[in-house]
Each structure stands twice: as C-alpha cells, then as structure tokens.
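Here is the structure we will look at.
Where a number appears in this text, it was derived from the coordinates with a stated rule and is not lab data. Fair warning: this is a prediction, and the values are worked out from it, not measured in the lab. Cβ coordinates were reconstructed from backbone atoms using ideal geometry, including for glycine residues, and neighbour counts include every protein chain displayed.
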C-alpha cells in the first residue's frame, strides 16, 4: 500500500490589465459613495435659521407723548424675498390720532441702512449715535446698543378709522407716515449649503422689530438713551408688521416663527416685539436634485455590484480536496483513479465562466434596481 499526495496547483502571475480594472472599479465605487452622500445630504438638509444681528424700535418722549395715538412700525423689502447679501429694505412708521405724534425710529446693528433715502414729511432728520446705551429707569438695567441710527419725525394728527385691538394684529392702520429705505448690512436669505453645493431649501431671518435687544416685549419703558435727551418709552398702542411678499414668487413654506398672518404671504403682525424667521423650499430645485439622486443611485448600485463581483472573484475557488489517496496495484486502480480525476475536473467550473456569470448577474441586478428607482414616484 503506497500513500501518494496530489500535486500542488500552480498559480499564474497577476495580469496588469486585470489589476488596473480592479483599481478602476474600486475608485468608481468610492466616488459613487461620495456622490450619493453629497446629493442625498444636499436634498434633505434642513438648515437652522441664524438670527439677524439687527433691530428696530419706535420710541416717544415719555412726558409729552399722547396716549391716544395709534402707531404702526412696518418693514417691507423693496424686492420680494429680500435676496442678496445687502438687501434693500424699507422702514416706515404710520400714526393716527387726535394729536400730533413725535417720535424717533431707532435702527441698530446690521439693520442700519447704507445709502439711505428718506420717505418722510419735511422736518424729518436722520442722525447717527456712535455708542448708544439704554438705561431702564425702572430696573436700573443698562443695555449697550452700539452704533444706532435715529430717525426723528413728527406726524400731523389724523382720525383713526378703527379702535386699537391689543388681542389681534390688524392688516394695517391708515394715517400719515414717515419712512426710510436703504441697504442693510447683513443678508436676510441664507441658502442651505451642505458640503459643496446649495440645496433646494433656504432660511430667512429678519431684524428684531418693536424693541431694543435685551428688553422684554412687555417692557414699555421709561428709558434714557445716550445721545437722545430726556426720557423715552415705547408707544402704548403699537402694531408691528413685516411683509416679505407673496409665497408664489419665493417658494413654498416649510416652517415659520412666529405664525404667519396670511398663509399665501410671508407676513407677520403683532402688538408686541418679535423676530421673524422662516424656512422655504424651492420646488423647481427640489425636482432637479431628485433627478440627480436617481442618477447617483444607479451609478452606486452598478459600482457596488461590480465591486462585489471583484471581491467574489478574489476568494479562493472551492475545490474538491483529497489529502491522500490509496494506490491499488493493477489496471483497475489506474482506471478508477483516472475516472476520479476526470470527475473532479468536470465538477470544478472554469474561472472564466464563473467570472462572466457573476458579472452578468451583478449587472442584471443593478439594471433591475435602477428600473425600480425610475418607476418610483418622486417626492414633493
């Protein structure tokens, strides 16, 4: 009885073209993953609004101010949606009542206007205070305001058509107005940037309206303001309004704070101070990004299938291992051994056929998955 060992399988040297193809597939898969991450992240990113670093407030002399006057502070962009890094805004103060109304519109932070243009009656003046401070006489709190623009105005008496309603904001009062327009120092619209590109969403952040920063919305004052002689307070009957334009021209609304007055317009109104913000969705850009998502998903699926085929091909093939064979003398042993060798060769698939079958199945699965993605309805 003789123990014989099967001969070792010879290995061929690695084909440089095969190596290059494998490296190319690996690079394609890596780029497809990065592209899918970028496109899907850009499509779904919801940016938080950053507060606008500016404010506006109307103050009146505490001792001589009429308590029967109704006052409205209104902010309107000269172009709907206020695009650009320095959008053009218009500030106006409307007053009605039996007595003349004299006051000052304080403009602070990046809400201050460059290239200002007065839209006011004669006697209106605009001054700048370099380092203004506000002292709350009641609490003793000292609030630094920084650089402030002060628009002084006096409005003649005019009859008010409606009574002041502190529980509900009105669509606007009728009266004489003093206004100013110009370019602010900070952008209102902030695009949603994820990675390299801007997404279909954007946020809008507007100045604080109705009160200086650090002052509660219910605090009407008595205040002393550096640069303004005397004591000052907020109007007792005041509306605060912001109208950014129709939603049909700037996109669909996803979120707004505080709540909108009219769902068809990006507008807010209140009888106390507020700082408005909103998140908008550009539906046209959303459709384009969804198309790109389908494209990169198809490429990612195909690259993943090819990479899986390469990894499967690198695994050692399953062979029928025979550690030892027992040799039997005679022609019968030789014939039996030959038959076993031929059966083993027949049971082992060729490497070429195995690679072709794996790649074919991978491409077929990728095509089927891509077809399903294309047939799937798009999100809106």
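Brief remarks on what is shown
- For the stretch 118-162, the gyration tensor built on C-alpha atoms gives an oblate shape. Its axis ratio a/c (a ≥ b ≥ c) is at least 1.5, and a/b is not larger than b/c.
- For the stretch 15-36 versus the stretch 119-140, the spacing of their alpha-carbon centroids is 66 Å.
- Rg and Dmax, both from the Cα atoms of the stretch 54-281 and both in Å, are 17.5, 59.
- Cα→Cβ-extended label distance, 7 Å offset, between residue 264 and residue 67, nm: 4.1
- Semi-axes of the equivalent ellipsoid for the stretch 1-160, Cα gyration tensor, largest first, Å: 75, 19, 15
- Net length available on complete extension from residue 40 to residue 17 is 4.9 nm, with 0.36 nm assigned per residue and the Cα-Cα distance removed.
- Average 1/r across all pairs of distinct alpha carbons in the stretch 189-286, invert it, and you get the Kirkwood radius: 15.6 Å.
- Overall form of the stretch 48-125 per C-alpha gyration tensor (a/c, 1.5; a/b vs b/c): prolate
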